[in-house]
Structure formats: structure tokens, C-alpha cells
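This report refers to the structure that appears directly beneath it.
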Amino acid sequence: MTLALFTLLYACAPPKYTDLNGNGKMEPYENENLSLDERADDIIDRLSTADKINLVVGIGLNIPGMFEASQPLRVPGAVGGTYTFDSLGINGLITTDGPAGVRIFPIEGTPTYYCTAFPIASLLSSTWDVDLAYQIGDAMGNEVKEYGMDILLAPALNIHRDPRGGRNFEYFSEDPLLSGKMASAVVNGVQSNGVGTSLKHFVANNQETNRTAVDVRVSQRALREIYLKGFEIAVKESSPWTVMSSYNQINGTPASQNSELLTGILREEWGYDGFVMTDWFAGTDAAEQMRAGNDLLMPGTNDQRETLTKAVNDGTLDVAILDRNAKRILKILLQSPSFNRYEYSNKPDLEVNAQLARQVAAEGAVLLKNEGVLPLSPNELAVGAFGIGSYEFIAGGTGSGDVNEAYTISLVQGLENAGISIDEGLRASYDQYIKVEKEKLPKPEFILEVPELVSERPLTQSELERAVASTDVALITLGRISGEGEDRELEGDFYLAEAEIAMIKGVSSAYHEAGKKVVVILNIGNVIETDSWKDMVDAILLPWQGGQEAGNAVVDVLTGKTNPSGKLPTTFPISYDDVPSAKNFPGEEYGEEININALFRARPSHVAYEEGIYVGYRYYSTFDKEVSYPFGFGLSYTSFDYSASPINYDDGTIAFSVNVKNTGEIAGKEIVQAYITAPGNQLDQPAKELRAFGKTGKLNPGESQELKFTISAGDYASFDSRRSSWVVEPGKYQVEIGASSEDIRQTLPFEVSKELIIEKLSPLLQPKGEINELHPD
């Protein structure tokens with residue numbers, strides 16, 4: 001067929017459409033050959049002002065005894081949606097939590113609607129593998145689509161500002177580059193299924209204490225370089241369907257009512273073309289939210305509809321603003337499975353997704369210490385499993401980051417699945433203790449209250465002696481749970497409880513006296529103190545919270561089936577007092593407690609980010625603070641040598657390669673980190689900042705792989721608040737090639753001869769008063 005004939009036939013072909021409103025003819029909004037703008041405009045022309053208000057206010061939430069949605073939520077357990085217009089045949093969008101997988105009601109019986117509990121974000125970022133992150137996103141997106149929904153309320157990429165942050169398990173890292181790259185990969189994976197994501201929480205939502213009422217006071221530079229940067233990367237590299245604004249205020253203005261944030265930065269600077277939704281029940285002024293560019297109010301209340309109706313009627317809210325915001329929602333809606341009547345199966349491949357979860361959980365495990373004990377040989381191995389966590393693994397956190405999975409594999413189940421025997425006497429004692437103590441735990445009084453865990457079980461000397469005699473190695477699991485709505489306590493959470501310390505001391509002493517080894521497994525979602533006890537044991541494995549296949553994944557690493565290649569995405573300090581935000585977290589309270597919709601309790605407060613840009617390793621390396629385990633750290637069962645090429649410099653862009661060779665005796669993968677040190681003549685500069693990273697494939701002993709890096713000037717520019725510009729100052733720079741932020745293998749110099757002004761911006765989000773920021777001497 002000639003090109004001309006093909007073109008003629010195509011031109012004559014009828015437009016593709018579905019008769020959504022059943023009137024027997026094709027309306028412009030049904031015509032798939034028209035642009036999204038044209039179709040959305042046609043829908044808006046058909047909507048009354050009341051319809052438009054219904055579109056920009058969600059349909060509500062179903063919580064028995066508290067809330068009832070204004071229209072049916074088509075999927076039980078979905079947490080929100082947009083309005084359905086029956087006369088037009090337009091189904092609304094359906095949204096679902098969350099960061100570790102889809103969260104809907106499983107509904108016992110046939111069929112069931114369980115979802116895959118994937119590893120938490122901190123574990124996923126410990127892989128430093130954007131391809132794996134994409135695969136996780138792809139699998140999550142498939143479950144969203146096949147269970148009949150449209151938008152996954154994830155990923156979350158707020159910064160690990162403080163180890164007490166209750167939702168750090170949902171977030172990727174203390175570093176914005178790693179956060180942004182991992183989030184971008186997840187978004188691209190999810191959206192490859194034709195469903196959407198909601199990048200959250202925009203921005204500076206770095207604590208749970210008073211999260212709905214706290215004013216974050218932060219400098220322009222810290223906002224731009226630390227807290228906004230990850231979002232900027234993700235928006236530009238993945239185009240998420242939606243962005244979720246956060247609860248908190250930023251320098252005096254609620255995020256959902258902040259036009260400088262939502263319009264000035266997100267849309268005008270970054271070119272974002274999706275829509276913005278609020279976090280649930282966020283904000284104080286619905287009309288102001290509309291004007292600021294917060295397009296959708298979630299989950300939506302009748303009070304908000306009444307407020308918007310009044311504002312339109314009295315002229316304080318222009319209908320053109322409603323049209324603008326509604327159009328943004330409609331352009332996404334037109335692409336959704338719900339609008340396009342996708343025939344979902346309710347049968348995603350949960351078995352395949354579970355195996356992916358297991359693979360990622362193993363790849364993200366971080367080996368913190370190993371003195372000749374790992375990997376274990378499973379042949380005729382007998383294990384003494386100590387700690388409540390060995391018998392009850394925690395798959396992930398609570399709140400919107402939770403998942404209703406069909407099962408969670410514990411450590412002892414994983415051991416048995418691998419053919420490794422465990423001490424049955426210990427198992428029986430722990431099972432009985434857990435059963436009795438669980439019945440004593442108080443029931444949560446508040447919908448977002450994080451449940452208590454069973455206190456650690458005391459051990460008797462006689463059972464220790466018996467366990468030592470009958471087993472070859474001791475595995476001690478320490479468990480922690482975090483969740484939405486609560487920040488962590490120091491005692492018994494960041495710091496180990498007395499019973500946990502006693503267990504480690506007692507088990508280590510008994511096994512070491514018999515010449516046997518002790519391994520600690522950290523089933524945690526957040527950083528804990530390790531320095532005071534790490535010398536008591538022979539190995540420490542950090543598998544975080546690995547989802548429903550966690551126990552199998554941990555045993556894969558313990559036995560060498562998977563060679564650990566995970567690296568820390570966040571620093572483990574020696575003491576909480578060493579954390580740069582410790583002096584001001586979580587802020588100062590004033591005023592009476594506010595109860596928002598019977599869901600959120602908060603007191604008006606403010607928190608000053610006095611550490612400025614010196615967050616995480618940027619602080620520890622600049623101010624020479626010793627840490628327990630540095631950012632980017634992680635051991636392997638093998639060893640690697642690095643060899644880097646000289647830098648090729650071209651008008652601010654630098655290019656180089658790193659050859660990585662496996663010099664050990666076991667196949668493994670390695671993560672290469674590239675940090676840049678700036679001269680600091682015009683602006684304060686951290687001692688180093690991560691500017692690129694890469695991960696090898698599996699290298700056999702003696703095998704090598706070359707990783708190539710290109711870093712543009714914009715990638716290592718700093719924000720000059722005085723000029724509101726991204727700049728690269730002139731002077732001598734260094735690229736530090738490392739296996740961690742402290743294990744630098746090679747240093748490559750380059751020089752910038754003149755100042756480079758990358759981008760000049762409007763001075764937005766400026767603090768109203770002076771912030772006494774930290775500066776190096």
C-alpha cells in the first residue's frame with residue numbers, strides 16, 4: 001500500500017469513540033481523535049456551576065459512624081474519588097492508597113481482594129536501583145488497574161529530616177537526588193499501565209506531630225536545594241498525573257493555599273501539566289485553595305461545596321478559576337480506566353508480584369556488619385531464633401502506607417522454607433508469650449493511632465544454655481513499627497529498650513562462650529541507635545520492612561542466595577543528640593488543640609529549620625561528626641575495586657566513567673556514588689553532595705563493568721537566595737567516587753573558570769523573619 005493511499009484511508013476512517021451518554025451520536029468529548037484540551041473544554045461547556053463545584057470537590061469518604069460519601073465509591077476500601085456525571089456517561093476517578101502497595105478491603109470469601117505488600121520506600125531506595133523501582137511501580141500500577149481504580153496515592157518523597165519522623169518509612173532518603181530518582185522510576189512504572197500517581201506530600205511535610213497545624217519556617221535555599229529538589233526531579237522526569245499538597249504551612253501559608261508553591265514553582269517554573277489535590281481534609285479556605293491552584297479538594301465535604309458556592313455567588317471566586325481547575329482534572333480523567341470503561345479483572349497476578357517483592361526485599365537489605373559469620377550454610381543448620389520479631393515480622397508501617405496483604409512471612413517461616421531447623425523449645429515459649437501479651441495490649445482509641453507492640457520477652461539462663469547446646473547460631477530480631485499520625489519516641493524506639501539490651505547481652509554472652517556466632521536482624525522502618533551495642537554481636541543485617549515476603553528475602557541474604565548489595569539511604573547517627581534537627585524537632589506549640597473532622601488532633605505550632613541545607617550526611621561530613629553508619633554504606637560478601645577515568649569538562653558539564661571489578665570470590669553487585677565538593681567561596685557549601693549514582697549488574701569474580709556518568713552544571717548548581725538564582729561559582733571542584741559518603745575510592749578534580757548562572761527565578765516562598773541557620777566556621 002502506498003503512503004498516499006494509507007493516508008487517504010486513515011483520513012476517511014471514522015473517529016474512534018464510545019457513546020458514553022447513549023444518545024446515538026458522537027459528542028466532541030467522546031471523540032478520541034480530538035486533543036485532551038478540546039475534549040475537556042467540551043465537557044466544561046456542558047457543566048453547570050454546581051457541576052463544576054462538584055468536580056473540584058471530591059465525593060467524600062466512607063468511615064462508619066463518621067463519614068458517608070456523596071456518591072458510591074465503586075471499590076470497597078478506596079479512599080476517595082471524583083464526581084460521576086451520569087447524564088454524560090462520565091465515571092469519576094477512584095483513588096487508592098498507598099506507598100507500599102494498593103490498600104483496599106480484602107473482603108474475605110470468594111473472590112478476595114488482597115493486594116501485594118511491597119517493601120517500604122526506605123528499603124526500595126536502599127537498592128539504589130531505578131530499574132527495580134520501575135518494576136515495583138509497574139506491579140503496583142497493574143494492581144490499581146485490575147482492581148478497578150485510577151490513581152495510586154504514591155509515591156511519597158519527603159526528606160528524612162529527623163529520625164523521629166513517623167512516616168520516614170514511606171519516604172526514600174535524606175538526600176533529594178536519590179529521593180527524586182527513585183520516585184521518578186516508581187511513577188513511570190505505575191503510569192506505564194495507563195493509571196496515575198499522586199506525588200506527595202508537597203512540600204516540607206517532614207513530621208507527624210501537629211502536621212495539620214505546624215508552620216514550617218525554612219530558608220529559600222534549604223527549600224530549593226533539599227525539600228523541593230526531589231519533587232522537581234520527579235515532576236520533570238516522570239510527569240505524575242497528580243501532585244498532593246501537604247498539610248503544613250510554609251513560611252506562614254498553608255501548602256494547599258500557597259499560589260507561589262502550586263502555581264509559581266510547580267506550574268510556571270517546572271512546567272507541570274497535571275492536577276493538584278489536597279491531602280485529606282487539608283486547608284482552611286476552600287476558595288483560596290482554588291485560587292492558589294489546588295484543583296481538587298479531597299476527600300471532599302459538603303461544607304467545602306457550600307463555601308465555593310457562596311464565593312462564586314458573592315464574586316470572590318471567579319468561575320474562570322473553577323473552569324481552569326476543572327479542566328486540569330478532566331484532562332487526566334479522559335485518560336483514565338474509569339472514563340474509558342476498562343473491563344478490570346479483579347485478578348492481578350499476586351503470585352508474580354509477591355516474587356518481585358521478595359527479590360526487591362533481598363536486593364535492598366543492607367549488611368551493616370559481618371565478622372566471619374555470613375553467609376550461613378543452610379545444610380544441617382540449627383538456629384536459635386530470639387526476639388519477638390523473629391516470630392512476628394512487620395511487613396510495613398501503618399496508616400495510608402499499610403496494605404491488606406494475604407500473609408506476611410516471618411523469619412522463622414523463611415528459615416523453615418529454606419530447610420533450616422529452628423529451636424522448637426524457643427518457638428513454643430515465644431508463641432505462648434506473644435499470645436498472652438497481645439491480649440493485654442490496649443486497643444487504639446484514635447483512627448490513626450499506631451498500635452503498640454508486645455514488649456520483649458525476658459530470657460532465663462537455663463533456656464539460654466539449652467538453646468546454645470542445641471543450635472549452631474543465634475538470630476536476634478529487633479522490630480519497630482511506625483505509622484501515620486505519630487512521630488517516634490526516643491526511649492524504647494530510637495534507643496533500644498532495656499529488655500532488648502538485656503536480650504542482646506545475654507544471648508551474645510552465652511553463644512560466644514560456646515564459640516558460636518550471633519546475628520542481629522533489624523526489622524525496622526526507621527533509623528535506630530546502634531553504636532552502644534553493635535560490638536556485642538558478630539553481624540548486623542538491616543532488611544528494613546520488606547513487605548509480605550520479608551522472611552523469605554531475609555533468609556535469601558543470610559544464606560547467600562542473594563549477595564547483599566543494599567546501601568543506606570540515610571545516616572545512622574551515634575546519638576540522637578548528634579542529629580542537626582534535634583534542637584528544634586518537632587517545633588514549639590502555642591494555642592489550644594484543634595480537632596479536625598474527628599480525625600486529626602493538632603496544636604498550632606511552628607518549627608524552624610535552623611540546620612538549613614545541612615541535613616543528614618551534608619551535616620555530619622561538613623561538621624566532622626562521627627556516625628555509627630554513614631550514608632551510602634553497605635557491605636557485600638565480595639569486594640570491588642574502582643578505577644575512574646579523568647573528567648571531560650565541557651561548558652559546565654562533566655563526564656567520566658568508573659570501572660568496577662569484582663575482586664572477591666562471590667558474584668555480586670556494587671553501587672557507585674559520585675559526590676561533588678564545591679569551592680564555597682561565594683556560598684556556604686557542604687563538604688560533599690551526592691550528584692550521581694549507578695549500580696552494576698551481577699559481576700562474577702574477576703568480572704568488570706564500566707559505569708558512565710554525565711553531570712550537567714545544573715545538577716551541581718547551588719541556590720543563591722540573594723539573587724534568587726541557581727549558580728555554579730567559579731573555582732576548583734572535586735568529584736569523589738565512593739562506596740559510601742565516607743568510603744571514597746578516587747578523587748577527580750575539575751575547574752570552573754567563570755560563574756555560570758543556570759536559572760534566575762522569582763523570589764518565592766521567602767521566610768517572613770530571620771532564621772538563625774547553621775553555618776560552618
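The values are calculated or read from the model by the stated rules, or taken from the named source; none is laboratory data. Since the structure is predicted, the reported quantities are computational estimates derived from the model, not experimental observations. Neighbour counts are summed over all protein chains in view; Cβ atoms, including those assigned to glycine, are modelled from backbone coordinates with ideal geometry. Each accessible area value is taken on the protein alone, full model and side chains, heavy atoms only, with ligands, DNA and RNA left out. Shrake-Rupley method; radii C 1.70, N 1.55, O 1.52, S 1.80 Å.
Scattering from region 562-666 was approximated by placing one identical point on each alpha carbon and applying the Debye formula without solvent; log10 I(q)/I(0) at 0.10, 0.14, 0.20 1/Å stands at -0.58, -0.86, -1.09. Bridgeable lysines around residue 443 (alpha carbons under 18 Å apart, same-chain partners fewer than 8 residues away excluded): 435.
Mean silhouette area of the chain, derived from the convex hull of its C-alpha atoms and averaged over all directions, reads 37.0 nm².
With semi-axes defined as the square roots of five times the eigenvalues of the C-alpha gyration tensor, the equivalent ellipsoid of region 159-317 measures 26, 19, 14 Å, largest first.
Cross-link candidates for residue 661: which aspartates and glutamates have Cα within less than 15 Å, leaving aside residues fewer than 8 places away along the same chain? Within the straight-line limit of under 15 Å, residue 661 reaches these aspartates and glutamates: 641, 670, 703, 706.
Average projection, convex hull of the Cα set of region 37-104: 5.8 square nanometres.
Residue by residue, region 63-77 carries 3J(HN,Hα) couplings of 10, x, x, 10, 9, 9, 5, 6, 9, x, 8, 5, 10, x, x Hz when phi is fed to the Karplus relation 6.51 cos²θ - 1.76 cosθ + 1.60 (θ = phi - 60°); x denotes Gly or Pro. Put 126, 345 in order of accessible area, highest first, and with a 1.4 Å probe you get 345, 126. Cross-link partners of residue 347 among aspartates and glutamates, defined as those whose alpha carbon lies under 13 angstrom from its own and excluding same-chain residues fewer than eight positions apart: 143, 146.
Net length available on complete extension from residue 342 to residue 431 is 27.4 nm, with 0.36 nm assigned per residue and the Cα-Cα distance removed. With N the number of residues in region 233-336, Rg(Cα) / (2.2 N^0.38 Å) evaluates to 1.03. Can you give the angle from 0 to 90° between the axis of helix 176-191 and the longest principal axis of the chain, with both taken from C-alpha atoms, to the nearest 10? Compared with the principal axis, the helix lies near 60 degrees. Principal axis extents of the C-alpha atoms in region 419-489 (largest first, rounded to whole Å): 46, 25, 21. Note on surface exposure: 610, 498 rank 498, 610 by accessible area, highest first, 1.4 Å probe. Radius of gyration over Kirkwood radius for region 29-169, both on Cα atoms: the Rg/Rh ratio is 1.04. Given the C-alpha centroids of region 315-353 and region 241-282, what is the distance between them in whole angstrom? Result: 19 Å between the Cα centres. A 1.4 Å probe run over the protein chains yields, for the chain, 38 Å² of accessible area per residue, whole-number rounding. Global dimensions of region 202-270 from alpha-carbon coordinates: Rg and Dmax equal 11.6, 32 Å. Local charge for residue 654 was computed over the other residues whose Cβ lies under 11 Å away, with Lys and Arg +1 and Asp and Glu -1, and equals -3. Length gained on full extension, residue 665 to residue 452: 72.3 nm, using 0.36 nm per residue less the C-alpha separation.
Scanning residues 5 or more positions from residue 629 or on other chains, those with amide H under 5 Å from its amide H are 572, with H placed 1.01 Å from N in the peptide plane.
In this structure the amide hydrogen of residue 495, modeled in the peptide plane, comes within under 5 Å of the amide hydrogens of 529, none closer than 5 places in sequence on its chain.
For the listed residue pairs 200/760; 567/708; 516/561; 236/327; 517/669, the alpha carbons are within 28 angstrom of each other in every case.
Which whole-number percent of Cα pairs in region 135-222 have a distance greater than 18 Å? When all Cα pairs of region 135-222 are counted, 49 percent exceed 18 Å. What residues have an amide H closer than 5 Å to that of residue 721, excluding those fewer than 5 places away on the same chain, when H is modeled at 1.01 Å from N in the peptide plane? When sequence neighbours closer than 5 places are left aside, there are no close amide H contacts. Compactness ratio for region 308-459: Cα radius of gyration over 2.2 N^0.38 Å (N = residue count) comes to 1.70. Our note on the geometry: Cα centres of region 484-547 and region 381-419, 16 Å apart.
Once the chain from residue 595 to residue 532 is taken as fully extended at 0.36 nm per residue, the excess over their C-alpha distance is 18.7 nm. Over every Cα atom in region 641-716, the radius of gyration and the widest Cα-Cα span, Dmax, amount to 14.8, 48 Å. In the frame of its principal axes, region 411-545 has Cα extents of 47, 32, 29 Å, reported largest first.
Please give me the summed charge of the neighbours of residue 575: other residues whose Cβ is under 11 Å from its Cβ, Lys and Arg +1, Asp and Glu -1. That works out to -4.
Among the protein heavy atoms of the chain, carbon and sulfur supply 47% of the accessible surface, probe 1.4 Å, non-protein parts ignored. Across region 467-572, the volume of the C-alpha convex hull divided among the residues equals 123 Å³ per residue.
Extents of region 653-777, taken as max minus min of Cα coordinates on every principal axis and listed largest first, are 58, 30, 26 Å.
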